[in-house]
Amino acid sequence: LITEVRLRRILDSRGNPTVEAEIRTESGGFGRGAAPSGASTGEYEAIERPAEEAIAKAREVAVPRLEGQIYAGDQRGVDGALRGADGTDDFSEIGANSAVAISMAAAKAAADVLGAPLYQHLGGAFRGRDFPTPLGNVIGGGEHAADATHIQEFLAAPVGAPSVSDAVFANAQVHAEVGEILADRGIPAAKGDEGAWAPSIDDGGAFEIMDEATSSVADDLGFEIGFGLDVAGAELYEDGAYHYGDDTRSPDEQLDYIAGLIADYDLVYVEDPLDEDDYDGFAELTERADDRTLVCGDDLFVTNTERLERGIESGAANSILIKPNQIGTLTDAFDAIELALRNGYDPVVSHRSGETEDTTIAHLAVAVDAPFIKTGTVGGERTAKLNELIRIEANA
Ligand code: PGA
Ligand code: ZN
């Protein structure tokens, strides 16, 4: 039984306040969870409130429904109590940040009571035995860095890596290789919010560098390293066109452009290639894309079963990005994953651009047998998850 829920303000990786929750149980269990935060957030995401307000509201209406009321291991009960206390569809009362922190803390407290690792508690006895391949953000811009690429993320995808550990180190090597290529060409580069290089180069230049860096590291390591993108199309789309600085593309031109990139670079992963309302465009692109290319909806689906349902009906995308804080609870995230798997959509578990040291998503990706996890390449809040994956693999 949950005996205590504590909430506090802690720092995220951008230096902004976020919500941390701690849960204690009668049998001595303890769990702690912290909410991440997006910068290129989808229009249809659950609502994050300023941390102080989210904490005050959750203390007032949600904590009394949990303390002394529900078992931490009853995840649907905990998450249902959060929904009931909030009373809205989008967690705009207690904030999706308070909700997700509490939801994750409960899962960890339950795992602690069982004496099992979190992935085992979440995935159960019959989970798959595959590990996710990390997608490593190595060049980026968009909303995550000023004066850098228009496409938000260029992601190394070490699909041939024999283990998670090999994949994690391969991505770090690609990141280092990109840094060297930029230095050799005299291109200065800061890093964006997720630790990717954020050089002031055009997108064409970034493709060329990605191709060179992934090929060279693949040659060195002896396994295939492809690459992929998060276009974050909704951020580029305004007044009926996609804006790349002074250049614009019509929706048809954008579709042709992305289909061309998939073919030219043999992209294994393309996230949000189009605007978050363009289900028809997503369907057409999915049709045109190579079979092995994951066309993934992030802002399109926002981890929401109703939006995914609509995508399934129209054939939009073949993959869904799973961000628990986009929808507010682990229960909702699991429901989206289950719906995806039943309909042949691959779930890809993801961090946010604003992160903490919380490692829940690493366990979630292993628990649900996700083919990919997107959680950066370098930087402490990113390596927290990557190193946890290495530990899970080593101890499994
Ligand atoms: P965000 O970006 O966390 O800033 O929303 C990540 C993404 O778009 O995948
Ligand atoms: Zn995205």
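The values are calculated or read from the model by the stated rules, or taken from the named source; none is laboratory data. It should be emphasised that the depicted structure is a prediction, and the values quoted were computed from it without experimental measurement. Cβ sites come from the backbone with ideal geometry, for glycine too, and all protein chains shown count toward neighbours. Surface areas here come from the heavy atoms of the whole protein model, side chains and all, with no ligands, DNA or RNA. Shrake-Rupley method; radii C 1.70, N 1.55, O 1.52, S 1.80 Å.
Brief remarks follow.
- Strands (runs of 3 or more DSSP E) enclosed by region 230-332 - at least 1 residues per element that are open to solvent by less than 20 Å² (accessible area, probe 1.4 Å): 241-244, 269-271, 294-297, 319-322
- Of the listed requirements (1) under 21 Å from Val268 (Cα atoms); (2) more than 16 Å from ligand 1 (Cβ to nearest atom); (3) open to solvent by less than 20 Å² (accessible area, probe 1.4 Å), Glu208 misses just one: (3).
- In region 333-366, the residue that is farthest from Thr41 (Cα to Cα) out of those that are in a strand (DSSP E or B) and open to solvent by less than 20 Å² (accessible area, probe 1.4 Å) is Pro347.
- Residues that are farther than 14 Å from Pro132 by Cβ, of a type outside the set (S, T, N, Q) and either touching a residue at least 60 places away in the same chain (Cβ under 8 Å) or in contact with a Ser or Thr (Cβ under 8 Å, 6 or more places away or on another chain) (or both), drawn from region 341-379: Tyr345, Arg352, Gly354, Glu355, Glu357, Asp358, Val378, Gly379
- Being more than 20 Å from Pro17 (Cα to Cα), modelled with pLDDT of 95 or more and buried (at least 18 other Cβ atoms within 10 Å of the Cβ) is not true of Arg49.
- Matching option when the condition is within 28 Å of Val231 (Cα to Cα) and surrounded by 21 or more Cβ atoms within 10 Å (Cβ to Cβ), among Ala176, Ala148: Ala148
- Residues in region 222-262 that are within 16 Å of ligand 2 (Cβ to nearest atom), among the aliphatic types (A, V, I, L, M) and in contact (Cβ under 8 Å) with a residue 60 or more places away in the chain: Leu229, Val231, Ala232, Ala234, Leu236.
- Gly136 vs. criteria in contact (Cβ under 8 Å) with a residue 60 or more places away in the chain and either among the basic types (Lys, Arg) or over 21 Å from Thr359 (Cα atoms) (or both): no
- Considering region 63-87, and only residues there that are more than 18 Å from Val366 (Cβ to Cβ) and under 24 Å from the mean Cα position of the chain (by Cα), the residue that is surrounded by the fewest Cβ atoms within 10 Å (Cβ to Cβ) turns out to be Arg76.
- Evaluated against (1) under 24 Å from Arg9 (Cα atoms); (2) in a helix (DSSP H, G or I); (3) of a type outside the set (A, V, I, L, M, F, W, C), Arg76 falls short on exactly one condition, (1).
- Scope region 217-229; condition open to solvent by less than 50 Å² (accessible area, probe 1.4 Å) and of a type in the set (Gly, Ala, Ser); matching residues: Ala218, Gly226, Gly228
- Region 9-37 - residue that is in a loop (DSSP other than H, G, I, E, B) and touching a Ser or Thr at 6+ places or on another chain (Cβ under 6 Å) and, of those, most open to solvent (accessible area, probe 1.4 Å): Glu26
- Looking across region 279-306, the residues that are of a type in the set (D, E, K, R) and touching a residue at least 40 places away in the same chain (Cβ under 8 Å) come down to Asp298, Asp299.
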